[in-house]
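Contents: one structure, followed by commentary.
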Amino acid sequence: MFGGREIWESRKTPATAAATRRKVTARRATSLNTPARREPYTGTSPIITAPRLLARWPQRGHIEAYVTTGPPQWAHTAIDTRNTGEVDLDRDRWDRGEPTQRRGGDHNSNSAPASRPGSRGIVAPCAGAADCLRAGTADSLLIAMDLDLDANTEAELAGKTDALAAWLRAHAPVAVGYSGGVDSAYLAVAARRTLGAEGALAIIGRSASYPAEQWATARAVADRFDVRVLELDTAELDDPRYAANPSNRCYYCKTELWGRLVPVAHARGFSTVVDGTNADDLNDYRPGAQAAREHHVASPLAELGFTKLDIRRASRALGIPTWQQPSSPCLSSRVPYGTEVTRGRLRQIELAEASLRRLGIAGDLRVRFHDDLARVELAPAELSAWLAPDRLALLTATVAQAGFARVALDLRGFRSGSLNVLHGVGLA
Amino acid sequence: MTEESRGDRSSRNAVALAAAIAKLGIRCALEVRGGLALLLPAPDEVAVLQQDENRRAVLSLAKEHGFTHVAIELPSDHRRSSTPQADAPLLRD
């Protein structure tokens, strides 16, 4: 299943090319849904051809590799090279093509660092990988990714942020549908910086499906960046079409949200209403997007090609604390389609997740509702530690206090759209 | 059961999955909820699943037997008293 190949990486200037050229041995796995491609990898293309690698290392000895086959498919793998040895993908899992169905979005790695110099570490494929590469050594991978691609990406991102500023100026004043999530926080701050305090308004729709913790984050970001905020109550749970929890539940939620928010924005002189939909979202199952279109809500981030990764990087550059915040869909996303969404159930889920956060659980976290059973999904990096019997008992007791009779820990860990997989809901 | 899961339900084989997991040396009961295989291991088996390779093996087996999700439930005192032996997986559907 693997097609071996050598990748050569060089700087663009001839004077430095010889000194910086590095050889990276790489193999790409074919995926279930993407045919292997054999074209040479030059490392100079900012976006297009497969595979694209981006790297940055926030601290010595740690790199994050972003592997894509061109948008929108990409995967995120963190490789710890502090005890540099060889790193190798878990070939068995790649060979099984597992998992390969998810497209776009954020994906955490499932990695185990090499335990001592010279030992082999295992980097398991992250969720969402449709096509990836097999690295010969961590050092080579690190060097290869540093030389060109980071620079290209910075230039590319600067182009997008300039384009966003121009877009906002052309459509001012702008009201942002604001949740305090990664995307809308960036958009609200960008609008405030571009248009000034009077030119941007962030509007929060509050309901039982919106976690109080996220509301607090939203307010904190707005305060810090001097973004004007307006809050509206929404009542999607009073709509029986929403409460019945069909697979297009988000359509009814967004219909309620935009139906309330857009008239208020217009009445206050904000002719343009925008949301934080990004380019990755366009490849996911998002029935709420239809409601946005029906209410003439624009999505400049998606329109200008901002991926989730772009937004995280741009947020980090601006010092927006949400840059590393896990994705945070509404609480109803924890309830399987077809199971009624009620305020009580949402409260249970919210309590359970908040309690688990207080235990120190970081990264992606979901408490999935299965009637009497809560199924907890943790970031893969957290999983092993919480499978220790005493900690699992603590986790179980904590979630049970939220009113669940039974508590289970998912062995695979967090999967975005996990319930879609369980219930067979795919891309529209 | 309120769930319908992706894939061919007829390909799901809880009995075979329980047997395959037992062959790994992990003693557990198995409860099926649609595409979710819920493992109820003996108390002293939980730590085994801390190992990535053991977890991957279980996940792989579950996929082979038609399940999309696998979760582990810590046995309550009640369940602990009725924990099955390795060769006698408890199946509940």
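Worth a mention:
- Inter-label distance for A:Asp162 and A:Arg343, nm, one decimal - labels placed 7 Å from Cα along Cα-to-Cβ: 5.1 nm
- Between B:Ile72 and A:Leu409, A:Asp410, A:Leu411, B:Leu39, the built amide H atoms are under 5 Å apart, and every one of these is 5 or more places off in sequence or on another chain.
- Whole-Hz couplings from phi, Karplus 6.51/-1.76/1.60, listed for the range A:187-193; x for Gly and Pro: 5, 5, 5, 4, 5, 5, 5
- Packing-based exposure ordering (other Cβ within 10 Å, fewest first) of A:Trp386, A:Trp215: A:Trp215, A:Trp386
- Between A:Ser327 and A:Ser271, residue separation times 0.36 nm minus the direct Cα-Cα distance comes to 17.3 nm.
- Long-range HN-HN contacts of A:Arg228 with modeled amide H, under 5 Å: A:Ala202
- Cross-link pairs beyond the 24 Å C-alpha cut-off, checked among A:Lys308/B:Lys63; A:Lys254/A:Lys308; A:Lys254/B:Lys63: A:Lys308/B:Lys63; A:Lys254/B:Lys63
- Amide H contacts under 5 Å for A:Ala374, placed H, 5+ residues apart: A:Arg406, A:Val407, A:Ala408
- Other residues whose C-beta falls under 15 angstrom from the C-beta of A:Arg228 contribute a net charge of +1, scoring Lys and Arg +1 and Asp and Glu -1.
- Under Karplus coefficients 6.51, -1.76 and 1.60, residue-wise ³J(HN,Hα) of the range A:210-221 in Hz, glycine/proline x: 9, x, 4, 4, 6, 4, 4, 4, 4, 5, 5, 5
- For the range B:37-47, 3J(HN,Hα) computed residue by residue from phi via the Karplus equation (6.51, -1.76, 1.60; θ = phi - 60°) reads 9, 9, 8, 10, x, 4, x, 7, 9, 4, 4 Hz, glycine and proline entered as x.
- Per-residue average of Cβ from other chains inside 10 Å of A:384-394: 4
- Residue order, fewest to most surrounding Cβ atoms within 10 angstrom, among A:Arg412, A:Arg343, B:Arg12: A:Arg343, B:Arg12, A:Arg412
- Dipole magnitude for the range A:342-419: about 180 debye, using +1 per Lys or Arg Cβ and -1 per Asp or Glu Cβ, origin at the Cα centre.
- Taking the fewest neighbouring Cβ atoms within 10 Å as the starting point, the ordered list for A:Thr234, A:Thr217 is A:Thr217, A:Thr234.
Quick note: the coordinates plus some simple rules give every number you see, no bench work behind them. What you see is a predicted model, and the numbers here were worked out from it, not measured in a lab. Neighbour counts run over all protein chains shown; Cβ positions are idealised from the backbone, glycine included.
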